[in-house]
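Engineer: Okay, here's the structure, questions in a sec.
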Amino acid sequence: WIDELVVGQGFCPWAAPAKSAGHIRVVSSEAATEDGVITDLLAEARELPRGNLPEHDGTTGPTTVVLVCPKVRSWQAGWRGFQNFARFFELRLQGGQAWVQSEGVRVVSFHPDYTRCTILKPNQAIEVVLPDGQPTRARVLRLAGFDARGALVEVQPEAEEGILTVQLPGAGSAELKASRWKDLALRAPRPALHLLRQKDLDQAFVDLGERMFTDAIFVRNERIARELGAAWSQEMLRRCEDGTVEPKQPPTDQNVTLSGEVFWCDRDRISAGLLEAEGLAVRCFGTPEHLVEVFLQRPSNVLGILTSMMERDGRKNSRKMNAFDLFAAVRRRGEEWQKLPVLGLISLSADRDEAIAAGADFVVYGDRLRAQQQML
């Protein structure tokens, strides 16, 4: 989970260097009770060094700990399990701040069914519409998922037998649906508690500033989660839990160099240092129409195309070519020549599934450096 998601997908920008330096300790607690977990967690907290950041004082060994808690039965996967786990975290660990003063550490929680949204609770009574169109009161069992219209819940109708999956009524549906991208970054294969030194967090806050710190953690993670998609993330968690994740294989030839062009389409020019450092030439276009015109003349050397949605400055209202139209034109011609470039979309709001259906090989939300990494 740490290798594939936290480090591999960049959910924590500090995780990769910390792991490389041997500063992350992962330990599985044998505790089967909340009191036992507290004992294990406090022991781990007291083992962490109290000095400055590792790069400042030469500290070796772990400076952060992930305590995995697989044996507390009331915390197991499922909505009820998460509610019990969340209650422990809020009451016993004071939302992660219980030991900030005494031990100099903060705690972050992870769970297979983590959700920030507390609109619904198990056994809450809500008004739902039965399949025959009749309204009725029902008892909420669990959040069942999402579809194009919003959230789905499993309920037990008061006057009916059996369990139904119904659309969650009201504005809460949209809020629940929006929260799922943020929640994916805090889901782990098993309940886990992450110990962070408060001194390290304070230093990161100073180095980045409040706005950049928030963007580096929360906004960035939401974008990455949207890129990955809920289905991919859930499957990855399942494979992590099952132990069937295959380790990434190193490249067979470390000396491979790229030679060719990447076309970039946007009204703003891209700073393409990462692509250019790999030997690629980057050519910028202000409109999809111009890019397609040039591509049709000389496609053989174009390895990739990276574009924004190209719907600003009145282009959408005047129905001019957008990114999806660009992808369609390139794919039509590329399939004729049996040579397709990699197609990437960088956007702040595009629907990932719609973009993939239109021909995009990947979607990145607002991060140009990450877009170049994906292209490579």
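Engineer: Where a Cα-Cα gap under 17 Å defines reach, which aspartates and glutamates qualify for LYS320, not counting those fewer than 8 residues away within the same chain?
Structural biologist: The reachable aspartates and glutamates, counting only those whose Cα sits under 17 Å from LYS320, are ASP266, GLU289, GLU293, GLU311.
Engineer: Could you state the accessible area per residue of segment 314-363 in Å², with a 1.4 Å probe and every protein chain left in place?
Structural biologist: Values: 2900 Å² over 50 residues.
That works out to 58 Å² for each residue.
Engineer: Enumerate the amide H contacts of VAL105 below 5 Å, restricted to partners 5 or more residues apart or on another chain; note that Pro and chain-start residues carry no placed amide H.
Structural biologist: Amide H to amide H, under 5 Å and 5 or more residues apart or across chains, VAL105 pairs with VAL100, GLN198.
Engineer: Under 13 Å from the Cα of LYS19, which aspartates and glutamates turn up, not counting those fewer than eight places away in the same chain?
Structural biologist: Those aspartates and glutamates meeting the cut-off are ASP3, GLU4.
Engineer: Ok, one more. When a/c reaches 1.5 or more, the comparison of a/b and b/c decides; with that in mind, is segment 300-376 rounded, prolate or oblate per its Cα gyration tensor? Can you show the working numbers first?
Structural biologist: On the way: a/c = 1.89, a/b = 1.18, b/c = 1.61.
Oblate is the answer for segment 300-376, as a/c is 1.5 or above yet b/c matches or exceeds a/b.
The values are calculated or read from the model by the stated rules, or taken from the named source; none is laboratory data. Owing to the predicted nature of the structure, the values given are computational and were not obtained by experimental measurement. Heads up: the accessible areas ignore ligands, DNA and RNA and are worked out on the full protein's heavy atoms, side chains in. Shrake-Rupley method; radii C 1.70, N 1.55, O 1.52, S 1.80 Å.
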